1. So how strong a dipole does segment 1-144 carry about its Cα centre when Lys and Arg Cβ are +1 and Asp and Glu Cβ are -1, to the nearest 20 debye?
2. Comparing S287, S276, S184, which has the greatest mean-square fluctuation in the GNM of the chain with Cα pairs linked when under 10 Å apart?
3. Keeping all protein chains in place and using 1.4 angstrom, which order do V361, V33, V182 fall into by accessible surface area, from largest down?
4. Starting from one equal scatterer on each C-alpha and no solvent at all, send me the Debye-based log10 I(q)/I(0) for segment 26-130 at q = 0.17 Å⁻¹, two decimals.
5. If the limit is 20 Å between Cα atoms, which of K45/K162; K170/K414; K204/K355 go over it?
6. Can you give the angle from 0 to 90° between the axis of helix 103-132 and the longest principal axis of the chain, with both taken from C-alpha atoms, to the nearest 10?
7. For the chain, with only Lys/Arg (+1) and Asp/Glu (-1) charged at the beta-carbon, what is the dipole magnitude about the Cα centre, in debye rounded to 20?
8. Here are several values of semi-axes √(5λ) of the Cα gyration tensor in Å: [x] 34, 27, 22; [y] 32, 27, 19; [z] 47, 26, 19. Which one was derived from the coordinates shown?
Amino acid sequence: MNIKIYKSFPYQILFLLCIGVSLFANYELTFIVWSLTLLVTVKRKYSVTIIKYSFIFLLILLVAVISTLFNRTTTFLIIRDFTYLIKPILGLLVGYQLCRFSSKLGLKVIIFTGLAIAVMHLGMLLFAFVKFRTLSVNLLREYGGYFSDFEIYVLIILIFYKDFKLEISKRLRILILLIVSVSSFLYLARTNLIQFIILYVGLKGYLILNKNSLKVLASVILATVIGYAAIVYINPKREGKGIQAFLYKIKIAPQEAFKTRINKDDWKDFNDNYRSFENIIAVKQVSDQGNRAILFGEGLGSTLNLGRKIWTNDHENVQYIPIAHNGFITVFLKSGILGVLLLIIFLVLLYRQKKSDIENVQAVNYLLIGSSIFLIVSNWVFLGFYLKLDNKSIIIGFLIALREIMIREYKNQKTISDEY
């Protein structure tokens, strides 16, 4: 029996490894795996697009490095922040370099990686159920993870498989769709729900503003408001269990990250609106340092002083934290307003995708446009590309390379057809 290993197989394994490792709460391991993958998969040529995107994050890092010269900190904290701020660059380049497939195989690599992650997630939940004989919202999230952006991308590609020209049997597509859907739902993540809606609307082309898209967006917003009003009317309680606990988190979502006054002595108010508390502390702390800090940040090694010790998801009691939940605020702390402006420029550039007459290329463009809109939400509540568990930078880099392959394949096919 002859076993044939294709040249692209190692890249498939590395892609699965780089996506999978980011889901574990071990940033050091993620950083090592991504860095080594970057070194062993270097390409000869890079497009202007991937260089441009990476360069923006490099500028954010350089501003923070320069700002570090004006502040006292420790070498350990500087190195730690350096690895945090270089993470988006690593992800974009790793994703770009790992896409060494045909467009057909590239899409399947994404799909089957998502399937593998979903199966592992369901397996962990099954283990937790067997161990505790019950599954609360807290157990679901503690043992299964808090979100999975990658699985939402897989769902969108499976739903719009015709647009992407995904070649997969109907039975297999439905099976994978079912498994990934169940896995995605069991994260009970509000951001994943928002992500799905944004990407779905994006693939429909409604994020390109025109008269028709404005009507659709208005309908989506109206439906969202009505749905939220219904949840408020139901009035789920903080102490509720199961789906009620999830609905309570949706109920408090609008104020959780935007509240401007928090009673830190009221544990309910403090816990429910902790993200806003971080934002308030960060803005005050940086502003107290003067105009230079406001414009260019406090640099690498800077931390937020919460004024009290809190228990984190990493199972630590800490008072000084290097990053906030809000990606814009974290960049503001390290690189000031200049860094935030650079981050916004990246989001604008990611949104401004050129229209293509090639169907699957345009589908990728729509997905990138949707990603840019979702990244506004992701940066506001979950650090965007800077989150230790995030792998969207790899997805974006991979999609950019995949689009280039699609364009190249189309040109080659057109050349052949013209010859005949």
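The values are calculated or read from the model by the stated rules, or taken from the named source; none is laboratory data. In this text, all values refer to a predicted model and were calculated from it rather than measured experimentally. Cβ: placed from backbone, ideal geometry, glycine included. Neighbour counts: every protein chain shown. Only protein heavy atoms, including side chains, enter the accessible area calculation; ligands, DNA and RNA are left aside. Shrake-Rupley method; radii C 1.70, N 1.55, O 1.52, S 1.80 Å.
1. 500
2. In the Gaussian network model the winner is S287.
3. On the way: V361 5, V33 25, V182 65 Å².
Output order, biggest surface exposure first: V182, V33, V361.
4. -0.97
5. Details: K45/K162 30 Å; K170/K414 29 Å; K204/K355 14 Å.
Over 20 Å apart, Cα to Cα: K45/K162; K170/K414.
6. 50
7. 680
8. Here the calculated entry is [x].
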